[in-house]
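A short worksheet on the structure shown next.
The values are calculated or read from the model by the stated rules, or taken from the named source; none is laboratory data. Just so we're clear, the structure is a prediction, and the values are computed from it rather than from any experiment. Here the Cβ positions follow ideal geometry from the backbone for every residue, glycine too, while neighbour counts run over all protein chains shown.
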Amino acid sequence: MTTEEKIFNAARIVFQKKGFAGARMQEIADEAGINKAMLHYCFKNKELLFQAVFMNAFSQLAPQINEIFNSEDSIFDKIRKFTHSYISFVMLNPYLPQFVIQEMNNNPEFVMSFLTNENRPNPTLLIAQIEKEIASGIIKTIHPKQLLMNLISMTVFPFAAQMMIKGMLQISDKEFNAMMEERKTSIAEQIINSIKR
């Protein structure tokens, strides 16, 4: 394993436990089994390290999403696969949605750099398919981008607002995770039932 791979693995563990704000470079260096000077040599500060970890994770998620969007599957199967794939991924990388929201406020250039990247999730073919299935009478008339916004919002929001949801609903980490497992299928079925004729 290279030094960079050790750092990425360590950073993921620490960011997952402590979040971006609570993580310390010394903890990451200790977890990686290197000294802090070596960590700073590779990554000058915590934000640059987090951005690198994020882009590494994003580069794993984007192809999965594009494979779903661009497949020959029906809209209903794509919705099911998207919710399952996205929620599974974020449960393994729970710090990512909160980091994106934080960066949208503090560093919008970074967020735009991955949202405009050629490898980003691209829903163009999916939007065309939604329009075609509306015209064919398979699904109800709905603006395709509204449908995508509903799909994304219902999957992303619980992770982005995890602390608020746990507090409001008075649920433990274990209960939250169980609910997220449930949402892998329940979100898809709610959306499908709302659009199918």
Quiz prompt | Unmet requirement for residue 59, which otherwise passes all of (1) farther than 18 Å from residue 158 by Cβ; (2) surrounded by fewer than 20 Cβ atoms within 10 Å (Cβ to Cβ); (3) at pLDDT 85 or above | solution = (3)
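Yes or no: the stretch 117-125 includes at least one residue that is of a type in the set (Lys, Arg), within 21 Å of residue 51 (Cα to Cα) and surrounded by fewer than 20 Cβ atoms within 10 Å (Cβ to Cβ).
Scanning the stretch 117-125, I find at least one residue that is of a type in the set (Lys, Arg), within 21 Å of residue 51 (Cα to Cα) and surrounded by fewer than 20 Cβ atoms within 10 Å (Cβ to Cβ), so the answer is yes.
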Quiz prompt | Only listed residue being closer than 25 Å to residue 122 by Cα, of a type in the set (A, V, I, L, M, F, W, C) and over 18 Å from the mean Cα position of the chain (by Cα), chosen from 152, 195, 171, 187 | solution = 195
Quiz item: Hey, any hits in the stretch 103-113 for a residue that's surrounded by 14 or more Cβ atoms within 10 Å (Cβ to Cβ) and among the charged types (D, E, K, R)?
Solution: yes
Exercise. Filter the stretch 26-56 down to residues that are among the polar types (S, T, N, Q) and outside any loop (DSSP other than H, G, I, E, B) and give me whichever is surrounded by the fewest Cβ atoms within 10 Å (Cβ to Cβ).
Key: 26
Self-check item: Failed criterion for residue 84 (all others in (1) farther than 26 Å from residue 173 by Cα; (2) at pLDDT 80 or above; (3) assigned by TED's automatic domain parsing to the domain that holds residue 159 hold)
Solution: (1)
Self-check item: Members of the stretch 1-56 that are among the basic types (Lys, Arg), over 25 Å from residue 120 (Cβ atoms) and modelled with pLDDT of 85 or more
Solution: 6, 24, 36, 44
